[in-house]
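**Q** Can you keep this structure in mind? I'll have questions shortly.
No value in this document is a laboratory result; all are computed from the given coordinates. Just so it is clear, the model here is predicted, and its values are computed rather than measured. Note that each Cβ is placed from the backbone with ideal geometry, even for glycine, and that neighbours are counted across all protein chains shown.
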Amino acid sequence: MAINKETLKYVAGLARIELQPKELEKLSGQLQDILEFIDKLKEIDTASINPTSHILPINNVLREDKSADSLSADQALENAPRREDNFFGVPKVIE
Amino acid sequence: MSGEIELNKFTAHELIEKVDKKEITTQDILNALNQRIKEADSKVKAYVRLSDSNLLDSKLQTPNSKLPLKGIPISIKDNICTQGYNTECCSKILEGFKPPYDATVIRKLKENGAAIFPVKTNMDEFAFGSSTENSYFGPTHNPWNLECVPGGSSGGSAAAVAADEAILALGSDTGGSIRQPASFCGVVGLKPTYGRVSRYGLIAFASSLDQIGPLTKDIRDCAMLMNIISGFDPCDSTSVNVEVPDYIKALVNDVKGIKIGIPKEYFTEGLDPEVKRLVEEAIDKLKDLGADYKQVSLAHTEYAVPVYYIIATAEASSNLARFDGVQYGFRARNSRKDSSNLIDMYKKTRGEGFGEEAKRRIILGTFVLSHGYYDAYYLRALKVRTLIKHDFDEVFKEFDCIITPTSPTAAFRIGEKIKDPLKMYLSDIYTISANLAGIPALSVPCGFTKKGLPVGLQILAKPFGEEMLFRVAYNYEQNTDWHKMKPKL
């Protein structure tokens, strides 16, 4: 499976990561190698096998619908790079 | 004064006994540790942000000598949340982060009288790595040979314990990150059964693979720690409501009749001959002590690394989406004249804040989950995961445990593998399957190479079979002297 630079740029965009040209170059080669290695999995016939998305046989873990203590706004904002009142300040979202 | 310096060389259980007999106080232990760290850590670099901290010289919370751990200090990997103490996953993107809460394991340790060491141990950034070379703060050096890696990603914790810069430590293991550094540093490391120990407060890498576990000087300390950190936690929906046995009771010096499976796939080319010899000698030792062994097959072993690097990176890409400069850590400066928008901030923050390996894994993970590739990669990997788990289920029907080398080699040199990601990934071959299958796995020292580097023996058991691991490892340990050896620093 080929991962050309265009695909790589697209995927980096999905991952919200800005890559420098040198990084793109390097990563393209490395990911190419890794994907070739991963292609080994094609050797196996997986048609009739169920996927294991979770190793434990537990499902739908729920809790009582009771409110309990949670972080205060101050605690939640303690590490904020930018705080405005009780909000995390961020650059504007362009429509 | 010289008596105090030696205290850091003891195990926790030995120190607890001394405290009980009122021979020493826990402040004496802390003083000894601090002294040792001052002496040795400039060479080993097991700890991060040391010089920033004046906490090293201050008293930790007054220990309650009635509690089981009597104030013994424990060192914590930088990805486990400790309220008020910096927790940064050794990444630039989390710089300055002080968690507003304790991880469940930290809370449990405090409740049992442990003193949480305020300075964290070094790790590969976000646990992405097998050498601790991917840390934002630079690598940790193996105490047995400073030019070698300590292993990773819990390299700091392993090195600290090996160098007696820590009495006890916690690490995390997603593909071998406790066991492989334990093997490289000559200490004990355990990855519990998935769901045995709460992940609440562990900054997530791969949610279906991660577990927190102990790194200790001997098996008894490991069992003691497991008693404390294990157990169901309502804050972790993947923790399992299975009773925690008294793991100390599993320390029975007897392996008569225990059936050990030796998987042939772990003894092929690629395994260093010295490591092979030491592991085979260890297995023979266990046979002398009364165990039986037989060759078995884990047929899908060769697919474990590709399966892991699809599933783990996919889960990582999801878990690391939260690091975007909004709520905590690093935020990139807006360097454009025109005002940039939110998405630009995300891209720049993540581009500058993540290291190379982190970016590589996130992008790979995003790719294997993306439209058009999901079935071919991610879904396929999940199916092969089923086959890998099934291999283990079949073996455990007949055998009590499985024994393998922990790693194909002893510690490699710093810089040796870092330029070739694939080469680095392949060094995880023996540890990875345990995470994929969710089974418990332990590494215990089993000797040294001719160059004086430690080698680890890996023992695997069925889910919630930690008692079997402890029994076999304890028996082996008590009939050898590896655990008494210390590096010359």
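**Q** Filter the stretch B:150-175 down to the residues that are within 21 Å of residue B:103 (Cβ to Cβ) and of a type outside the set (A, V, I, L, M, F, W, C) and list them by number. Spell out the reasoning first.
**A** The initial filter retains those residues of the stretch B:150-175 that are within 21 Å of residue B:103 (Cβ to Cβ), namely B:152-158, B:160-161, B:166-175.
Scanning the stretch B:150-175 gives B:152, B:153, B:154, B:155, B:156, B:157, B:171, B:172, B:173, B:174, B:175.
**Q** Also: Looking at (1) farther than 30 Å from residue B:386 by Cβ; (2) polar (S, T, N, Q); (3) within 25 Å of the chain's Cα centre (by Cα); (4) at the interface with chain B (Cβ under 7 Å from one of its Cβ atoms), which is the only condition residue A:4 fails?
**A** All conditions are met except number (4).
**Q** Mind checking which residues of the stretch B:442-483 are more than 18 Å from the chain's Cα centre (by Cα), assigned to a helix (DSSP H, G or I) and over 20 Å from residue B:411 (Cβ atoms)?
**A** Listed by number, the residues that qualify are B:467, B:468, B:471, B:472, B:474, B:475, B:476, B:477, B:478.
**Q** For the stretch A:44-66, name all the residues that are within 13 Å of residue B:377 (Cα to Cα) and either more than 24 Å from the chain's Cα centre (by Cα) or acidic (Asp, Glu) (or both). Talk me through it step by step, then tell me what you get.
**A** Step one: list which residues in the stretch A:44-66 are within 13 Å of residue B:377 (Cα to Cα), which gives A:44, A:46, A:51.
Answer for the stretch A:44-66, where residues must be within 13 Å of residue B:377 (Cα to Cα) and either more than 24 Å from the chain's Cα centre (by Cα) or acidic (Asp, Glu) (or both): A:44, A:46.
**Q** Do we find a residue being away from every other protein chain (no Cβ under 14 Å), over 15 Å from the mean Cα position of the chain (by Cα) and in a loop (DSSP other than H, G, I, E, B) anywhere in the stretch B:219-229?
**A** no
**Q** Looking at the stretch B:90-125 only, could you name the residues that are under 16 Å from residue B:181 (Cβ atoms) and of a type in the set (A, V, I, L, M, F, W, C)? It would help to see each step written out before you state the result.
**A** Just the residues of the stretch B:90-125 that are under 16 Å from residue B:181 (Cβ atoms), to begin with: B:90, B:120-125.
Across the stretch B:90-125, the qualifying residues are B:90, B:123.
**Q** Give me the residue from the stretch B:442-475 that is over 13 Å from residue B:222 (Cβ atoms) and of a type in the set (Phe, Trp, Tyr) and, out of that set, surrounded by the most Cβ atoms within 10 Å (Cβ to Cβ).
**A** Ranking the qualifying residues of the stretch B:442-475, first place goes to B:464.
**Q** Now, a different point. Anything in the stretch B:239-269 that is part of a loop (DSSP other than H, G, I, E, B) and among the aromatic types (Phe, Trp, Tyr)? List them, or say none.
**A** So the first thing to find is which residues in the stretch B:239-269 are part of a loop (DSSP other than H, G, I, E, B), and the list is B:239-246, B:251-258, B:267-269.
B:267, the sole residue that qualifies.
**Q** Filter the stretch B:106-134 down to the residues that are part of a helix (DSSP H, G or I) and over 14 Å from the mean Cα position of the chain (by Cα), then identify the one that is nearest to the other protein chains (Cβ to nearest Cβ).
**A** Keep residues of the stretch B:106-134 that are part of a helix (DSSP H, G or I), which gives B:106-111, B:125-127.
Keeping just the survivors that are over 14 Å from the mean Cα position of the chain (by Cα) gives B:106-111.
Working: B:106: 16, B:107: 14, B:108: 18, B:109: 21, B:110: 18, B:111: 18 Å.
Taking the candidates together, the pick is B:107.
**Q** How do the helices (runs of 4 or more DSSP H) wholly within chain A filter down when requiring 1 or more residues that are at positive phi: which remain? Quick ask: steps written out before the conclusion?
**A** Values: elements: A:5-14, A:21-38, A:73-77.
Correct list: empty, since no element meets the threshold.
**Q** Still on this structure: Looking only at residues in the stretch A:19-53 that are among the polar types (S, T, N, Q) and loosely packed, with under 14 Cβ neighbours inside 10 Å, which one is farthest from the other protein chains (Cβ to nearest Cβ)? Working first, answer last.
**A** Of the residues in the stretch A:19-53, the ones among the polar types (S, T, N, Q) are A:20, A:28, A:30, A:32, A:46, A:48, A:50, A:52-53.
From what is left, the residues that are loosely packed, with under 14 Cβ neighbours inside 10 Å are A:20, A:48, A:50, A:53.
Values: A:20: 8, A:48: 9, A:50: 6, A:53: 6 Å.
Here the answer is A:48.
**Q** Looking at the stretch B:204-217, can you tell me whether even one residue there is among the basic types (Lys, Arg) and in a helix (DSSP H, G or I)? Give the derivation first.
**A** Step one: of the stretch B:204-217, the residues among the basic types (Lys, Arg) are B:217.
Then drop every residue that is not in a helix (DSSP H, G or I), which leaves none.
Looking through the stretch B:204-217, none of the residues is among the basic types (Lys, Arg) and in a helix (DSSP H, G or I).
**Q** Of these, B:394, B:398, B:416, which one is within 24 Å of the chain's Cα centre (by Cα), acidic (Asp, Glu) and closer than 30 Å to residue B:273 by Cβ?
**A** Working: B:394 fails: within 24 Å of the chain's Cα centre (by Cα); B:398 fails: within 24 Å of the chain's Cα centre (by Cα).
Step by step, each of B:394, B:398, B:416 is checked, and only B:416 is within 24 Å of the chain's Cα centre (by Cα), acidic (Asp, Glu) and closer than 30 Å to residue B:273 by Cβ.
**Q** Then there's this: Specify which of the listed residues (B:274, B:265) is more than 30 Å from residue B:78 (Cα to Cα), away from chain A (no Cβ under 14 Å), free of Cβ contacts under 8 Å to residues at least 40 places away in the same chain and touching a Ser or Thr at 6+ places or on another chain (Cβ under 7 Å). First the steps, then the outcome.
**A** Working: B:274 fails: free of Cβ contacts under 8 Å to residues at least 40 places away in the same chain.
Only one candidate qualifies: B:265.
**Q** For the stretch A:69-78, check the following and say yes or no: at least one residue is more than 7 Å from every other protein chain (Cβ to nearest Cβ), under 21 Å from residue B:344 (Cβ atoms) and in contact with a strand residue (DSSP E or B) (Cβ under 8 Å, 6 or more places away or on another chain).
**A** No: zero hits.
**Q** Restricting to the stretch B:270-304, what's the tally of residues that are buried (at least 21 other Cβ atoms within 10 Å of the Cβ), in a helix (DSSP H, G or I) and of a type in the set (A, V, I, L, M, F, W, C)?
**A** Result for the stretch B:270-304: 6.
**Q** On to the next question. Got at least one residue in the stretch B:350-358 being in a loop (DSSP other than H, G, I, E, B), surrounded by 24 or more Cβ atoms within 10 Å (Cβ to Cβ) and out of contact with any His (no Cβ under 7 Å at 6 or more places or on another chain)?
**A** If we filter the stretch B:350-358 for residues that are in a loop (DSSP other than H, G, I, E, B), which is where we start, we get B:354-355.
Going one step further and asking which of them are surrounded by 24 or more Cβ atoms within 10 Å (Cβ to Cβ), we end up with B:354.
Restricting the remaining residues to those that are out of contact with any His (no Cβ under 7 Å at 6 or more places or on another chain) gives B:354.
Yes: one or more hits.
**Q** Working only within the stretch B:180-236, note down all residues that are of a type in the set (A, V, I, L, M) and within 16 Å of residue B:247 (Cβ to Cβ). Even if it seems obvious, please write down each step before you answer.
**A** Step one: of the stretch B:180-236, the residues of a type in the set (A, V, I, L, M) are B:182, B:187-188, B:190, B:197, B:202-204, B:206, B:209, B:212, B:215, B:219, B:223-226, B:228-229.
If the condition is that a residue be of a type in the set (A, V, I, L, M) and within 16 Å of residue B:247 (Cβ to Cβ), then B:188, B:190, B:197, B:212, B:215, B:219, B:223, B:224, B:225, B:226, B:228, B:229 are the ones that fit.
**Q** Also, I was wondering about something else. Assess whether residue B:330 counts as being over 19 Å from residue A:10 (Cα atoms), in contact with a Lys or Arg (Cβ under 6 Å, 6 or more places away or on another chain), more than 7 Å from every other protein chain (Cβ to nearest Cβ) and surrounded by 17 or more Cβ atoms within 10 Å (Cβ to Cβ). Lay out the reasoning, then the answer.
**A** Details: over 19 Å from residue A:10 (Cα atoms): yes; in contact with a Lys or Arg (Cβ under 6 Å, 6 or more places away or on another chain): yes; more than 7 Å from every other protein chain (Cβ to nearest Cβ): yes; surrounded by 17 or more Cβ atoms within 10 Å (Cβ to Cβ): yes.
Answer is yes for this residue.
**Q** Is at least one residue of the stretch A:63-77 charged (D, E, K, R), surrounded by 13 or more Cβ atoms within 10 Å (Cβ to Cβ) and out of contact with any helix residue (DSSP H, G or I) (no Cβ under 8 Å at 6 or more places or on another chain)? If you could, list the steps in order and put the result at the bottom.
**A** We begin by selecting, within the stretch A:63-77, every residue charged (D, E, K, R); these are A:63-66, A:69, A:74.
Among the residues that remain, those that are also surrounded by 13 or more Cβ atoms within 10 Å (Cβ to Cβ) are: none.
No, there is no match, as no residue in the stretch A:63-77 is charged (D, E, K, R), surrounded by 13 or more Cβ atoms within 10 Å (Cβ to Cβ) and out of contact with any helix residue (DSSP H, G or I) (no Cβ under 8 Å at 6 or more places or on another chain).
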